[in-house]
Structures are given as C-alpha cells and as structure tokens.
C-alpha cells in the first residue's frame with residue numbers, strides 16, 4: 001500500500017454541503033447498508049425505501065450516516081434485497097435468497 | 001456469508017471502506033484489505049482458497065471504477081464491513097463451485113447394509129459425514145479414512161440409506177480449511193481442500209437432513225482465521 005493515510009480509505013460520510021436527506025437517498029439508491037444513531041433513526045423512513053432494520057443485534061457501533069458522529073448504540077438498516085435471514089423482516093414481501 | 005454473531009460477545013463495529021479500482025464486491029462475499037493484488041488501493045474480494053489480510057465478509061455490494069464517472073457520481077464505491085476480528089459468519093454449503101448447488105450424496109445409489117455403522121460408501125477422508133435419511137439421519141461423524149468413520153454411527157446402516165458430506169470442519173489436523181465457491185459467498189463443501197488455505201475456520205455447523213432439505217439448506221458458521229486486525233503487527237506485504 002502507498003503512504004496515503006488510512007483515513008482516506010474509510011468512508012467519511014456525506015460531502016460538505018450535501019444535505020443529509022440527499023445523501024441518504026444516494027445510499028438507498030446504491031442499496032448500501034445504513035448505520036444511524038438514535039437521534040437520526042426516526043428521520044429515516046426505512047420501509048419506504050425497502051430497507052429493514054436488522055434486529056439480530058440490539059446495537060451496532062459505527063459512524064452515523066446522517067450526522068456523522070460515532071455512535072456506540074446505532075441502528076443498522078439493510079436493503080431488503082440482501083435479506084438472508086429466513087426469519088428476517090419481510091415487510092415488503094421480498095424473496096428470501098440464502099447466501 | 002452473513003453475520004451470525006460475535007464470538008466474544010459485544011457489538012458489531014461497522015465501517016465503510018473504499019473498494020479497489022475496477023473491482024466489484026458482491027454482498028456476502030469475503031473481503032480483504034490486501035494480498036490479492038499488489039499495491040491495491042481498496043478492498044478486494046478474497047479468493048476461493050486465500051483470505052490473508054481478510055476482514056470477514058461484505059454486508060452490501062459496491063464497485064469502483066478507475067476513471068471518473070461524472071461530477072455527481074463518485075467513481076469510488078464503499079463497502080460496509082464488520083471489523084471485529086472474532087465476527088462469525090454463516091456460510092451456506094454448496095455442492096459445487098457455483099452457488100446454491102445441491103450437495104451430492106456420498107453414494108448416489110445409496111449405501112450398502114453395514115451392521116457396524118462404520119462403513120459409509122463414498123465418504124471422503126477428513127470430511128464431515130451426516131445421515132440424510134434412514135436410522136442415522138441427523139447424526140454426524142468425521143471420516144478418518146475413505147469410506148470409514150472410526151467413531152461409528154449409532155445405528156446400523158441399512159441398504160439405500162443416504163449420507164451427505166462436507167469438507168468444512170474443525171477437527172483433525174486442521175487441514176480442513178474450506179474452499180469457497182466462485183463468487184466467494186458460499187463454501188464449496190465437496191471440493192477437496194488444500195492443507196494451507198488459512199482463510200475461514202469453522203466454529204459450528206448446521207447440517208440438516210431430509211426433513212429439512214439438507215442438500216440445499218446446510219450451513220457452517222466460520223470466523224476469518226487470517227483477519228488483518230486479528231494478527232496485529234503482521235506486515236502487509238503487497
């Protein structure tokens with residue numbers, strides 16, 4: 001690897017000046033997994049975007065994709081097309097595709 | 001592969017990492033930081049037999065292109081990873097190099113009767129053998145030689161009984177590192193394994209029989225045994 005600082009290889013979140021909502025729309029369009037802190041979770045209508053909230057774990061750790069703060073008790077959202085758990089939330093009738 | 005649990009307990013720690021230029025990472029594919037391509041500039045998929053510098057598996061899919069793709073679209077893709085070195089991943093057993101291939105029976109014609117419970121026709125040495133139907137359905141043993149289990153099955157093997165087998169297990173001489181399927185999202189469970197894959201090691205197995213579609217519904221839970229954060233201080237050589 002080159003001498004580039006490692007943080008440049010880690011996603012920094014939305015760009016400066018980009019509204020949170022626009023950035024979330026981008027993530028949804030790419031079907032990326034989404035990590036949200038407790039402050040931002042209620043602003044994200046995951047069902048509308050065909051996401052489900054992963055409940056296998058109570059919390060995950062990571063940088064909030066909304067406000068970019070590190071959250072110790074964040075919620076984790078997965079696009080329905082990646083459903084791999086037979087008992088997962090299938091609120092939109094997605095087909096379970098085992099991996 | 002999908003995240004099953006964290007061995008040490010606690011919470012999954014998720015980070016989005018950049019994907020190497022020209023690389024597409026599929027959801028559920030094993031990923032690694034280095035080792036596959038010299039001087040890579042982002043995450044790579046593991047190969048079917050190597051996961052050095054690994055980081056478990058991808059939670060979503062992403063791709064990067066070297067060339068710019070426009071002012072509004074970032075040409076770099078980012079893949080979500082769980083960075084816990086002791087993250088355990090649930091991987092489906094596939095009977096071939098292609099994903100979702102049904103597992104083959106040890107003997108397609110069924111077994112010959114054996115009152116000792118030790119002779120399994122077609123069983124491969126060092127593979128896990130489990131009963132698909134018959135009196136031994138649901139019981140599992142590890143073959144210690146071709147067509148032989150030294151720790152015998154608890155019931156007599158009747159003519160026509162069928163058994164399944166998988167290379168992925170954690171017993172014996174640790175030579176049973178699994179080989180992954182072509183898209184590195186599942187385990188090619190009936191491919192003979194090399195002694196030094198050193199990629200994913202089995203924690204536990206979900207081996208199912210005829211009552212639960214065992215040929216297409218069996219899994220193992222693995223940890224990335226060559227995790228980049230699990231061997232702190234090791235040099236990245238590429």
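The values are calculated or read from the model by the stated rules, or taken from the named source; none is laboratory data. Computed from a predicted structure; not experimentally measured. Please note: Cβ atoms are built from the backbone with ideal geometry, for glycine as well, and neighbour counts cover all protein chains shown.
Details
- Any hit, the stretch B:150-168, residues being closer than 20 Å to residue B:2 by Cβ, under 11 Å from the mean Cα position of the chain (by Cα), modelled with pLDDT under 95 and part of a loop (DSSP other than H, G, I, E, B): yes
- If only residues of the stretch B:13-36 that are more than 22 Å from the chain's Cα centre (by Cα) and not in a strand (DSSP E or B) are counted, the one that is nearest to the other protein chains (Cβ to nearest Cβ) is B:20.
- The condition of being at the interface with chain A (Cβ under 8 Å from one of its Cβ atoms), in contact with a helix residue (DSSP H, G or I) (Cβ under 9 Å, 6 or more places away or on another chain) and in contact (Cβ under 8 Å) with a residue 24 or more places away in the chain holds for only one of B:41, B:2, that being B:2.
- Within the set B:98, B:76, B:63, B:91, the sole residue that is within 11 Å of chain A (Cβ to nearest Cβ), under 20 Å from the mean Cα position of the chain (by Cα) and at pLDDT below 95 turns out to be B:91.
- Matching residues in the stretch B:13-41 - criterion: being surrounded by fewer than 24 Cβ atoms within 10 Å (Cβ to Cβ) and under 23 Å from residue A:70 (Cα atoms): B:13, B:14, B:15, B:17, B:18
- If you go through the stretch B:176-187 and keep only what is within 14 Å of another protein chain (Cβ to nearest Cβ) and at negative phi, you end up with B:180, B:181, B:182, B:183, B:185, B:186, B:187.
- Residues that are out of contact with any strand residue (DSSP E or B) (no Cβ under 7 Å at 6 or more places or on another chain) and crowded, with 21+ Cβ neighbours inside 10 Å within the stretch A:25-80 comprise just one, A:40.
- Residue, nearest to the chain's Cα centre (by Cα), within the stretch B:123-138, restricted to residues that are crowded, with 18+ Cβ neighbours inside 10 Å and in a loop (DSSP other than H, G, I, E, B): B:127
- Given (1) part of a loop (DSSP other than H, G, I, E, B); (2) within 25 Å of residue B:226 (Cα to Cα); (3) within 14 Å of another protein chain (Cβ to nearest Cβ), index of the condition residue B:103 fails: (2)
- Among (1) more than 30 Å from residue A:22 (Cα to Cα); (2) not in a loop (DSSP other than H, G, I, E, B), the one test that residue B:3 misses: (1)
- On inspection, residue B:212 passes the criterion of being free of Cβ contacts under 8 Å to residues at least 24 places away in the same chain and out of contact with any strand residue (DSSP E or B) (no Cβ under 7 Å at 6 or more places or on another chain).
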